[in-house]
Amino acid sequence: MSTFGQLIDRTYREYLRPVEEQEPLTQVANLDSISGGAQGLTSGGTTLKYKDGLFTPEEEELIGAGSVLEIDQELVMVEDINTVSREITVERGRLGSTAAEHTNDTDIILKPKYPRINVANAIGDQVIGLYPALYAVKKTSITTSSTQFVEMPAGTQRILQAKMDNSTSGSTTTVYSDIALELLTDFAGSTTDAAVQFPTAPTSGKTVYVVYASKFTRPTTEATNLNTTCGLEDFHEQIVMVGAVAQLLSELDVDATTQDYITENLEQRGIPVGSGERLRNALLRYYGVLLDRARREQRSRFPQGVELYGISFT
């Protein structure tokens, strides 16, 4: 499963950044005063050094006071540039971004068309916006208690399946049986605001394997695993990307090259844009197709068998 950063890269690759239209870029280099390490720009630094030979002389001339540069998800504003020493004085954390450390060899993009922070925010919006049309399928195990209710993870929205281990001690045969659980949300007796109640007081100490529906979690860093942390599955990724691109295009004018690139991409996927149809509408139509497909996929999994901790239930 992808990380958040990998999905951002894939969104650029498939929709927003044709290879032949890459914005001018160079890479972070170490300041002469920094020896040894790979750290090129600290979170508090205001002098940025860039590598020789990547910007053309014409591109360097475009970097004047007020120009915007992108490094990872941070946007910085140029205050001054020395093309001889290849050092730029910058104002950090501009346009809603946050100053951060950037290591040597990190790309520096001049005047990005679609800033990475904007793409990241749009993807994050789409991830949490999948619910309630779709839901994250998560798994946990709980232990029965004589108190009749047991706490569930925060965000639990619905119980999809529950199986109790009724194996006899010392037996070589494992026996599982269905058990009905009543979900209690906004439950004051639970620190997570979610708990399950057993229909009758069960024997204490029994293990119950639970599959439950949950809201998706917004990714926070580019290293975030979209499956284990956010609850996404592979078939969600294309939905999220298409929705994010549609969201981005609704907020700004789209250059002709990007329009052609996305149009070709959609036509290859069987969604012709048509000369009289706006690009965003075509993306939303494709989004609807993908969402319906995902709903059918999700419905087909329940109440059919699922796998918990490597145990297949049918």
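Within the chain, the longest run free of exposed loop sites, counting GluC sites (Glu not before Pro) that sit outside DSSP helix and strand states (H, G, I, E, B) and have at most 16 other Cβ atoms within 10 Å, spans 102-221. Averaged over its residues, the chain has an accessible area of 50 Å² per residue, based on protein heavy atoms and a 1.4 Å probe. Efficiency by 1/(1 + (r/R0)^6): what FRET value for Gln6 and Arg94, r their Cβ-Cβ distance, R0 = 22 Å, to the nearest 0.05? The formula returns an efficiency of 0.30 here.
Taking 0.36 nm per residue of separation and subtracting the Cα-Cα distance, full extension of the segment from Arg269 to Ala256 would add 2.7 nm. Placing R0 at 41 angstrom, the Cβ-Cβ distance between Ser171 and Thr228 gives a FRET efficiency of 0.75 after rounding to 0.05. Label sites at Thr220 and Ala154, each approximated as a point 7 angstrom past Cα along Cα to Cβ, lie 1.0 nm apart. Rolling a 1.4 angstrom probe over the chain with all protein chains present gives an accessible area of which 46% lies on carbon and sulfur atoms. Given the choices (i) 23.1; (ii) 20.2; (iii) 22.6, Kirkwood radius over Cα pairs in Å derived from the coordinates of this structure is entry (i). Result for the chain in a Gaussian network model with C-alpha springs under 10 Å: among Val19, Val119, Val245, the largest mean-square fluctuation is at Val19.
Largest mean-square fluctuation among Val78, Val68, Val175, in a Gaussian network model of the chain whose springs join Cα atoms under 10 Å apart, belongs to Val175. Annotated for segment 115-255: lysine pairs at least 8 residues apart or interchain, Cα distance under 15 Å, count 5. Under 19 Å from a label point set 7 Å out along the Cα-to-Cβ vector of Glu182, the amide N atoms of segment 197-213 belong to 197-204. Taking the longest Cα principal axis of the chain as reference, the axis of helix 256-268 is set at about 30 degrees.
The values are calculated or read from the model by the stated rules, or taken from the named source; none is laboratory data. If you're wondering where the values come from, they're calculated on a predicted model, not measured in any experiment. Cβ: placed from backbone, ideal geometry, glycine included. Neighbour counts: every protein chain shown. Only protein heavy atoms, including side chains, enter the accessible area calculation; ligands, DNA and RNA are left aside. Shrake-Rupley method; radii C 1.70, N 1.55, O 1.52, S 1.80 Å.
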